[in-house]
Structures are given as structure tokens and as C-alpha cells.
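Encoded as C-alpha cells, the structure appears first; notes follow it.
The values are calculated or read from the model by the stated rules, or taken from the named source; none is laboratory data. This structure is a prediction, so every number in the text was calculated from the model and none was measured. Ideal geometry is used to build each Cβ from the backbone, glycine not excepted, and the neighbour counts take in all protein chains shown. Remember, those area values only see protein heavy atoms, side chains included, never the ligands or the DNA or RNA. Shrake-Rupley method; radii C 1.70, N 1.55, O 1.52, S 1.80 Å.
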Amino acid sequence: MPSATTKLPAGPHLPTPCFGATTGSWRTHRPVIDASLCNHCLLCWLYCPEGCIERGEKLKVNLDFCKGCGICAHECPRRAINMLEEA
Amino acid sequence: MALRRFLNGNEALAEAVKLAGVEVVAAYPITPQSPVVEKIAEFISKGEMESEYIRVESEHAALAACYGAAVTGTRVFTATSSQGLAYMFEMLHYVSGSRMPVVMAVANRGMAAPWTIWADHQDSVSCRDTGWVQLYVENAQEALDTCLQAYKVGEDPQVLLPVMICLDGYTLSHTEEPVEVPEKEEVDAFLPPLRLPVALDVENPVVFCAGAGPELYTEFKYQQQQAMYAALLKLKEADAEFAARFGRSYGGTVEPYQCEDAAVILVTMGAVTGTAREVVDGLRACDQKVGLLKIKSFRPFPAQEIRDILSRAGAVAILERDCSYGYEGALCTEVKAALLGLDGPPKVYGFIGGLGGHDITREQITAIYRYCLEGVQPGYGTDHFLDVAGARDEN
């Protein structure tokens, strides 16, 4: 019997996004980083429970998986992250 | 040259864990399992075994720690009994669903209440549907040998399933007997290093235990079932290879004894098999056509083999140390199902005994044999409970 099983790994262990499923739609508030205030201390990157802060010249938020918990905004010592309500 | 030593089942298992080169052990103490992990802790403290020993706050945490260690691709071990196994229940499914070849010893003990520390199989039989391979052993030697085979089978790329080695508390866990302990080099030749297809790798990150929608959930569960069927074959292969290397065989899944021409076949799991074997020898000496079928693998259930062996008998008596309350012994139901549709099937009688440490005597097993000879029509869902004063006349 042909089955998708043959293409799947043994056990549900896969790179993200697993099975194309994202969790960003669970969010009601989105973090917005003010680059003029950010000094790259990376506390947001450290504290984000979903690993959604992407490092680089400018920090970015992976909105496919950010659930809008606001921990990054809460932890930011320079108040460079604001939680913006989404429509 | 293998050394013959005087070991109990717990110590034999600890020796097997050392020989298998287990790298992480996490366990929480519970009677009658504790000496397994105490012995392992001693090996580690003496430098005889290079392993990480994680002390945890509960059995749930013990298996969670084993799971975490297993995803890094290391060989792990834990052990428990009774209430501890019940406390692990949630993690049992996580480990099997994630296809991690964790090996766990269960020193079988009855479930409270009434509180007991003595043996029966209710603890592990209650975990029948958790997706673990369940192997029941007859003596300390088989415990050691089965532990080595458990890693071999569980880690097979076509299997990748956790394995439970079940040994009757005290009767096997605490009773010394001569046990042949193989050499490390011999074991290394039998048991190659673990290679998981997906293991924790910082260069190639993956989500372990990802969520899945209904369609893919079903696919993964179907895969688990296929892996169980593959394990049936791999258990036979591992046993055959083990026999070739070490000279001992247990049939892999089932072990028939004197079944070829038997009119009555006794079916057992675990330590009571040894007593039943003696009874069979005694009856055979009196020209009684009786046989014995030891079920080693309760999951996967070797239904076809059982069907083939039992189909030739006139009557079958299943003697087990568990009860699926409201129906009959769990093994009895399984065996009956395996015989379904046979032309002229044997009569099947279920007997529940040895609960909470009650001895199962030779006299009782002989009486069971005589009862089966009488040809009484067996009841369904109304098993015979041994040792119950009030029920004796009724049955």
C-alpha cells in the first residue's frame, strides 16, 4: 500500500517548519524592534522561548512562529521592543 | 572465556548494562528493582563503567531524562517496578512514539491497593498498549541475555522501539543462581554501537517530538505498528545470532517445550515457566502428553507462532499473574484471539494465580493439567482464580 509513511522519518523529528505548520497565527500582539534604541545586547534572543529572534546586522523576528508572548519586550533593558496589537 | 558467577536477576541485569556499554542511566529507587541501579551506581563509582548516572526526583523524571539522553544518540537504561512504572505511563508513550530505543528493566510487582511489594505481572501487563516491546524472562541468565538482545533489537533501523525486560520481583530479581557473564569483546561483536537515524546535532537542528495533524499522526502511528511487526522477526534473528555466539537460545518470541505431540499445552510467561517445565517433565515421565509454551514476547504478540504450536493440542491452559478486571487474564484473551477461526480449535482454559507474591506450586499446575483433561466446556470471561478460598468450589 503506497503511503506517506515511507517518506517520513522514524519518529516525528523534523526541521522547522514541521509539516509546513506554523504557529504565528496564534498571536494577538506582534513585537516591533526600534533599531535606533537597540544596542544588540541579545537579551531578547536569549529569553525568547520559541527561538524567534534572528540575529544579524539588525535583529529580526520570525513571525511564522512568534506567538506574541511579549517576553522579549519585557526583558529589553532599553525598551526597544513594543508589542503592537494586530488587526 | 565467559565467567560463571552466582548472581540474582537484578545483578545479572546490571552486568548486562555494563557489558552493553550503556552511557546514561537515570532511575528512581523502588522495590524490588532498586538493586539493579544500585549495582550500576557502584560500577560507575568504582570506575568499572563510564556512564552518566542522573539522580532524579521521580520515575516520570527518570524516563524523561532517559528520553532526553536517547535523542542525543546515546545508549540509555532505566529500571522500575509497579507504582513507579505507573508513574512513568505518560513518558512510556512519548518514548515509543518518538521511536527511542530505551531499554528498561521492570522487576514485576503487584499494583496497590492493597499495597504489596510482591510479584505479579499486573504492572507491566497494564502497560501493554504503550508501544513498548515487552519481553518476559524465566531466570537470571535469561535476564542478562535478554538485556543484550533488547538493545540489539530495539536499535535495529527497522525497529527503533523501546524495550521492557520483565522479571518477576524477588523470584527472579532477588534469587541467586549460576549465571554465565560473557566477555566484553564477545558482547561488542554482537552489539554494534548505536546509530540513530535522527539524533541531536547542533549543525542540523530539528524539532524532536513535533506536533502532527490527524493525517500525519495516523501515519506515524501506522509506522509504529509496522515497527512492532518488524520486531517480531528481529527478535528471532537476534536470538539466533545470540545462540550462535553464546550457545544459549530462548526462541526470541516464544519457546515451546514438548509441544509436538501434546494433548494439553500449558501457556506461561516469566518465572513460573521454570516450575511448569518441571511439572511437564514429571508428567511426561508418567507418559502424559503435556507440553509447555513460554510466551517471551507479549508485545509484539507472536500470534501466528502461537496459533501454529497450539493448533495441534486438544486443550490449552493459560496460567498468568495478571487480570484484566471485568473480563479475564490479558494473555488468555490474546491467545484465544490467536486461535480464532481454526478448524477444530483446542479448548482454552484461563487461570489467574500468583497474585501479589502468591506462590504457584507444582501441585497447582498439575491440578490445572488434570482439569483440562476432564474436557469440561471452558467458560468465557470467567477465568479460574487460583488461591481463592471462596471461589474454589464454584470453579
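Things to note:
- Buried accessible surface for the B/A pair, both sides summed and rounded to the nearest 100, is 1400 Å² with a 1.4 Å probe.
- Backbone N atoms of the range B:50-88 closer than 19 Å to the 7 Å Cα→Cβ label point of residue B:204 belong to residues B:70-75.
- Residues of the range B:3-246: accessible area per residue with a 1.4 Å probe, Å²: 39 Å²
- For the residues of A:12-22, the average number of beta carbons from a partner chain within 10 Å of their own beta carbon is 6.
- Charge dipole (the range B:3-246, unit charges on Cβ, about Cα centre) - positive-most of B:212, B:7, B:174: B:212
- Fraction of alpha-carbon pairs over 40 Å apart in the protein assembly as shown - percent: 31 percent
- Taking the Cα centre of the protein assembly as shown as reference, the dipole from Cβ charges on Lys and Arg (+1) and Asp and Glu (-1) amounts to some 960 debye.
- Mean separation of Cα contacts under 8 Å, 6 or more apart, over the residue count of the range B:3-246: relative contact order %: 25 percent
- Whole-percent pair-distance distribution, where bins are 20 Å wide, for the alpha carbons of chain B: 29, 57, 14, 0
- Heavy-atom accessible area, 1.4 Å probe, ligands and nucleic acids excluded: residues of the range B:194-242 down by at least 40 Å² from chain alone: B:198, B:207, B:210, B:216, B:219, B:220, B:222, B:223
- Share of carbon and sulfur in the accessible heavy-atom surface of chain B [1.4 Å probe, %]: 54 percent
- In a reduced charge model with +1 at each Lys and Arg Cβ and -1 at each Asp and Glu Cβ, the range B:286-363 shows a dipole moment near 140 debye about its Cα centre.
- Based on DSSP H segments of at least four residues, each scored -39500 (n - 2.57), the protein assembly as shown has a per-residue ellipticity at 222 nm of -10000 deg cm²/dmol.
- About its Cα centre, the dipole of chain B is roughly 360 debye, where the only charges are +1 on Lys and Arg Cβ and -1 on Asp and Glu Cβ.
- Residue-span extension gain [residue B:285 to residue B:186] - 0.36 nm each, minus C-alpha spacing: 31.8 nm
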